[in-house]
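Read through the structure below, which is laid out as structure tokens, and then see the notes.
The values are calculated or read from the model by the stated rules, or taken from the named source; none is laboratory data. These numbers were taken from a predicted model, which means no experiment stands behind them. As a convention, Cβ positions derive from the backbone with ideal geometry for all residues, glycine included, and neighbour counts pool all protein chains shown. Just the protein is used for accessible areas: all its heavy atoms, side chains included, with ligands, DNA and RNA removed. Shrake-Rupley method; radii C 1.70, N 1.55, O 1.52, S 1.80 Å.
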Amino acid sequence: MGKFIVRLTIIIVSSYYLLSYIIAQVFGVDILRYTTDLLFELCVVIYSFSEGKYHCKYIKWTMLSVFLCDFVSHLQFFTNFLSINEHNLLCIVLLACGMGTSLIKALNHFWKANKLISKRQKMYGSVGGNSKL
């Protein structure tokens, strides 16, 4: 159940951030004053990177991109080093790269695993290794 909650949290948070930055870019809404807690995101990033076999090892890139976007938002809020459009576009690109990396790595793993399973099925004759004589 813990794996499911961590994965669901990462997917929901990343989808929320991506949608928020797209809406902010399209409609010109200032979302910089609405910052979330960096400590929570940092804990989820550390947790997803430290538990190698327990969690999906590919979704950690999505959470890292969420953390980096929020970190950039905090820096922007305090230092104002980017325009609003630059900030939103930077965060959209960061999120798209993180989500894209996770998706590509997960699909690549899925294809390799299916190829290995089909190779084993051909070698042993069936899924469970029980073939009729």
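Structural remarks
- When the range 6-31 is limited to residues that are at pLDDT 80 or above, of a type in the set (A, V, I, L, M) and over 14 Å from Val66 (Cβ atoms), the one that is surrounded by the most Cβ atoms within 10 Å (Cβ to Cβ) turns out to be Ala24.
- Considering Asn85, Asn80, the condition of being modelled with pLDDT under 90, of a type outside the set (Phe, Trp, Tyr) and on the phi > 0 side of the Ramachandran plot is satisfied by Asn80 alone.
- Test result for Lys115, open to solvent by 50 Å² or more (accessible area, probe 1.4 Å) and under 20 Å from Thr9 (Cβ atoms): no
- Matching residues in the range 59-73 - criterion: being of a type outside the set (A, V, I, L, M, F, W, C), open to solvent by less than 20 Å² (accessible area, probe 1.4 Å) and under 20 Å from Lys105 (Cα atoms): Thr62, Ser65
- Only a single item in (1) open to solvent by 30 Å² or more (accessible area, probe 1.4 Å); (2) under 27 Å from Cys43 (Cα atoms) is not met by Cys91, and it is number (1).
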